[in-house]
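A short worksheet on the structure shown next.
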Amino acid sequence: MKKCSRWAGLAFVLCVSFAARAQKVDLSQSQMPSVITVPPQAQPSDHFDVEAATNAYLAEIPASARARSDAYFEGGYWLILWDFLMAVAIYWALLHFGWSAWMRDLAVRLTRFAFLQDLIYWFQFLILTSLLGLPLTIYEGYFREHQYGLATQTFGPWMGDQLKVLLVNMILGGLLVAMLFWIGRKLPGSWHVWGAVVTIAFTMFFVMIAPVFIFPLFNKITRLDDPKVTIPILSMAHANGIPAHDVFEIDASRQSTRMSANVSGLGKTMRITLNDNLLRRGSPEEIQAVMGHEMGHYVLHHIYKGMLFLFIVIVAFFYLLRVGLEFSLARWGEAWRIHGMGDIAVLPLVFLIATIFGFLFTPIQNTDTRTSEHEADMYGINASRQPDGFAQAAIHLSEYRKMSPGPVEEWIFYDHPSGRRRIHDAMQWKAENLNQK
Ligand SMILES: [Zn+2]
């Protein structure tokens, strides 16, 4: 099936027929157990041993299920590389073959207003790059997800979601790009500073509106209305100084079998949401442990801290972007028919530099996120007092994450602590709290 991704056109039809088959693969033999019991070694006792309890939990994962999720997660390492190489090839082709200059010329012929020219260019750019990247997108987002039993959508609705993403990109991305190029032309000496400021403001705006205007385009989000679930969660929230009245539920099962929860939004739109897969398959203890983790993100201000980190990254990126553009345009600008940094035809070069920056930055970004996630883990176990629920959640999440990576592997690729580490943390907490009951 991997070969499908290398061929567009005719092979695309073959891929769709493969997809139908992929959905019928029987994965029942390699599924994680839905109910995870507390193993004897993890039961309270005088001789409670953290390592033995951790290993006993890990032993509840069937070998076939572990092999499957290891393969899925390790395949993801390679996808980071393929995505990177594919993006570099596409942006380079747009520059080298003069397609970018051609799209700019077309936009200039259609209107004399620079702002509209930028928008028209952006639409062409987005459609062309999406089409060129489509085979890899389909393999990665559709076939591969079905192959590992993580996807629930048929091809039509999946493609529908992709088109919605494209539409949102056209509108919001178009606004940002047109604003940045307007700044680039007005302030040629300091655009990298003002560009960073506008990008930061735009990011905050997006994070704020996303839970209310963007997520509902893809999923149904409702107020959770089951007192059995909400009463313990809201009680935990109030005990931790969170003035919450509602818990939100998202029908993530529309796309995926993954269990998950998150904190999203900014200011008044900030909220904790849990997905229906977690609600359906998680034990009450597990749901409380996961919600404790999400409350940790909230109380420890991880959204604000994450954005502060992002702001520093954006400022650094814009500075490097300026240096990279000056360097490249001095050498190849004429060959690519780009008239300067304010010329919209430079956009593939901007994306090329951003792609290289993002690729090299992956381990640092992951480590920053993973550090926050570890803080939320510890907060969540303390708040919920459900170490076994937390261990159960770690096992369920390992349906799409490798459980026991090496230290270097974890540092580079993990944006959450590994499942083994999470269970170990929970069992350590349990050992230290056994005598306080
Ligand atoms: Zn988290």
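Just so it is clear, none of the values below were taken in a lab; they were calculated from the coordinates. Quick caveat, the model's predicted, so the values are computed rather than measured. Every residue, glycine among them, receives a Cβ derived from its backbone with ideal geometry; neighbour counts consider all protein chains shown.
Is it possible to state the helix-based mean residue ellipticity at 222 nm for the chain, with each DSSP H run of 4+ residues giving -39500 (n - 2.57), the sum divided by total residues, to the nearest 500 deg cm²/dmol? What is it?
Calculated from helices alone, the mean residue ellipticity at 222 nm is -21500 deg cm²/dmol.
For the chain, the dipole from Cβ point charges (+1 on Lys and Arg, -1 on Asp and Glu) about the Cα centre works out to 1300 debye, to the nearest 20.
Full extension of the segment from Val212 to Arg331, taken as 0.36 nm per residue of separation minus the current Cα-Cα distance, would add 38.3 nm.
Here the Karplus curve 6.51 cos²θ - 1.76 cosθ + 1.60, taken at θ = phi - 60°, turns the phi angles of the range 180-190 into couplings of 5, 6, 4, 4, x, 7, 6, 10, x, x, 10 Hz, with x standing for Gly and Pro. For the chain, modelled as a GNM whose springs connect Cα atoms under 10 angstrom apart, the maximal fluctuation among Gly292, Gly380, Gly267 occurs at Gly267. When only alpha carbons are used to place a centre, the range 394-437 and the range 240-283 end up 21 Å from one another. Each principal axis of the Cα cloud of the chain was taken in turn, and the coordinate range along them, longest first, works out to 78, 49, 41 Å.
GNM remark for the chain: springs join alpha carbons under 10 Å apart, and the peak mean-square fluctuation among Thr369, Thr111, Thr203 falls on Thr111. Lysine pair count for the chain with Cα-Cα distance under 26 Å and sequence separation of 8 or more or different chains is 14. Note on the range 276-346: along the principal axes its Cα atoms extend 64, 26, 15 Å, ordered by decreasing extent. Note on Ile221 and Val197: the model spin-label points, each 7 Å out from Cα along the C-beta direction, lie 3.0 nm apart.
Once the other residues with Cβ under 14 Å from the Cβ of His192 are scored (Lys, Arg +1; Asp, Glu -1), what is the net sum? Before the final figure, lay out each step's value.
Numbers: positive: Arg185, Lys186, Arg322; negative: Glu326.
Result for the neighbourhood of His192: +2.
Taken about its Cα centre, the range 195-349 carries a charge dipole of roughly 160 debye when the Cβ of each Lys and Arg holds +1 and the Cβ of each Asp and Glu holds -1.
Can you work out ³J(HN,Hα) from phi for every residue in the range 423-435, in order, using Karplus 6.51 cos²θ - 1.76 cosθ + 1.60 and θ = phi - 60°, giving whole Hz and x for Gly and Pro? Taking θ as phi minus 60°, the curve returns 5, 4, 4, 5, 6, 4, 4, 4, 4, 6, 9, 4, 7 Hz for the range 423-435.
For the range 396-437, the equivalent ellipsoid derived from the alpha-carbon gyration tensor has semi-axes of 25, 11, 7 Å in decreasing order.
Since only Pro417, Leu310, Ile381 are under comparison, the one whose Cα sits farthest along the positive direction of the charge dipole of the chain, derived from C-beta charges on Lys, Arg, Asp and Glu, is Leu310. Each of the chymotrypsin sites (Phe, Trp or Tyr not before Pro) that DSSP puts in a loop and that has at most 14 other Cβ atoms within 10 Å breaks the chain; the longest unbroken stretch is 114-437.
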